[in-house]
Amino acid sequence: MTMKTVLNDQHRALGGRMVSFAGWDMPVHYGSQMEEHHAVRQTAGMFDVSHMLVIDLAGERTRSFLQYLLANDVARLKASGKALYSCMLNEQGGVIDDLIVYYFQDDAFRMVVNAGCADKDLAWIQQQAASFDVTITPRRDLAMIAVQGPQARDKTLPLFSSELAEAAAELSVFHAATVDDWCVARTGYTGEDGFEIMLPEAEAPVLWQALTDAGVAPCGLGARDTLRLEAGMNLYGSDMDEECSPLEAGLNWTLAWEPETRNFIGRKALEAKRNATDNKRFIGLLLEGRGVLRNHQKLFSDGVEIGEITSGGFAPTLQRSIALARVEPNMGESCTVEIRGKQVPAKVVQPPFARKGKACINLEGDKS
Amino acid sequence: MSEVPNELKYCSSHEWVSSVDDGVVTIGITDHAQDQLGDLVFVELPEVGQALELKGECAVVESVKAASDVYSPVSGEVAEINEALMDSPELVNDDPYGDGWLFKIRLANEAELDNLLDADGYRAAADA
């Protein structure tokens, strides 16, 4: 049984090419993934991300519960509305999911988790919460729309109530403002400025229409993927999963080791590997030869296999092919990628590849 | 929905074949195929002079989403390739039956053309 977001009719009316994604009937594009990608980098685009799950956590011990549940430390969240990106790990240090957690009050936090992980996440959180007396409320009554791009905030603010518009206009990056059941966060998954708006389902079609009328381009999952790849952001299930440690997925920066006394799930397993010299490296790649990098293509150096692409594709902003890859720790600054039996040269680059409308890496190199 | 010109012949694997001009036919992919693939970002073509087998893999078209093989609808030798696609693969999306052609084949056996689908046959096969 495929699930539908409250905006399903809108997607179909706009000519959305619908696909099944994590059990949801979602638009992959509305005609041209490439044009949608450029709209977000150059003007403004919007995504229905209502398939993601909002989870509210309430209770006096919510903060200490989240300090135990998450590998990043919610102690860093001091101002109401502040957001934090974190992994949720299993005891083995594998990634159950990556998520954003928002702090509203000491007894009220919110998490937004991936659609494909929603059921297992809920079960895990409920199981872990048992001894903390925290109330866990999945908010399937909320829809979520991400508006992204250099013009996203200007096009969106006039559509809010005056109270919310005033608060949203003042938001710093990675902060959220709440008025009634609307929560507007200055966050995203594209490498552009913008908002992620959580709101009551019944009100979402009206906002979607108003955004369309304001000239915000509807964008599908396809552009969402190429935008996040250019921005160097990991995708759960491709770049990391329960078998993979954040230490080998470029996510070290999300692990809060201090204070040493904080016992979070997975800490013990990660501590053992924290300074290991055989941890795989997680790198960015720029294809120098002709072709397109794809997930699971193998990487070679001097004829020896040294790793694999975890997310690969064509980067519309760069007009080049890029990838995230997991490789042997001693890898040099270049390699070859096996594409249909041929070895094609690629070089190591530091993500992000493109953000704020522009390339962030040096594109020099022969594209012969 | 998609365009299927009556004057062309087709394979169920979504290639089109022009009528014969001095022993040579032009090959491309159909409007339906380009629509299903989405924005093309890379095209790999055979080399001029290369011998192609009937239904052999001979080219690759890659979109933002995926790579897809192109199979030769006939056997013969590659007479010409569409060099413009190297820098502008989007021509296949914009004009699949015109500027977005892939390559030309000098036919080894003209009788093979009789086994190809006509427009109605392709529409039925591809649900296009």
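No value in this document is a laboratory result; all are computed from the given coordinates. Computed from a prediction, not measured in an experiment: that's the story for all the values here. As a convention, Cβ positions derive from the backbone with ideal geometry for all residues, glycine included, and neighbour counts pool all protein chains shown.
Put +1 on the Cβ of each Lys and Arg and -1 on the Cβ of each Asp and Glu in chain A; which of A:Y85, A:G191, A:L293 then has its Cα farthest toward the positive end of the dipole? The Cα lying farthest towards the positive end belongs to A:L293.
Under conditions of 37 °C and 0.692 mPa s, region A:220-287 yields 237 µm² s⁻¹ as its translational diffusion coefficient, taking Rh as the Kirkwood radius over Cα pairs in the Stokes-Einstein equation.
Kyte-Doolittle cut-off -1.0, length cut-off 15 Å along the helix's own axis using Cα: show which whole DSSP H helices in chain A pass. Counting only whole DSSP H runs, the qualifying helices are A:118-129. Counting every other Cβ atom within 10 Å of each residue's Cβ, B:L8, A:L299 order from fewest to most as B:L8, A:L299. Cross-link pairs exceeding 21 Å in C-alpha to C-alpha distance, out of A:K120/A:K280; A:K280/A:K347; B:K9/B:K104; A:K78/A:K358; A:K120/A:K273, comprise A:K120/A:K280; A:K78/A:K358; A:K120/A:K273.
Rank these for me by crowding, B:E62, A:E242, A:E163, going from fewest to most other beta carbons within 10 Å.
Ascending number of Cβ neighbours within 10 Å: A:E163, A:E242, B:E62.
Only Cα pairs under 8 Å and 6+ residues apart enter the sum, and on that basis the relative contact order of chain A stands at 18 percent.
Ellipsoid fit via the Cα gyration tensor, the protein assembly as shown: semi-axes of 46, 28, 19 Å, each the root of five times an eigenvalue, largest first.
Value of Rg to Rh for region A:280-368, rounded to two decimals, is 0.93; Kirkwood radius and Rg both from alpha-carbon coordinates. In this Cβ point-charge picture (+1 for Lys and Arg, -1 for Asp and Glu), region B:9-114 has a dipole of about 260 debye about its Cα centre. Charge dipole (Cα centre; +1 on Lys/Arg Cβ, -1 on Asp/Glu Cβ; no other charges) of chain A amounts to roughly 860 debye. Rounded to the nearest 20, the Cβ-based charge dipole of region A:280-368 about its Cα centre (Lys and Arg +1, Asp and Glu -1) stands at 440 debye.
Considering only B:Y10, B:T26, B:M86, whose Cα is most displaced toward the positive end of the charge dipole of chain B, charges sitting on Cβ of Lys, Arg (+1) and Asp, Glu (-1)? My answer, from the dipole projection, is B:Y10. Panel order for A:T317, A:T62, A:T336, by other beta carbons found within 10 Å of each beta carbon, from fewest to most: A:T336, A:T317, A:T62. Orientation-averaged projection of region A:82-122 equals 3.3 nm² [convex hull of Cα atoms, one quarter of hull surface area]. The alpha carbon convex hull volume per residue for region B:9-114 rounds to 82 Å³.
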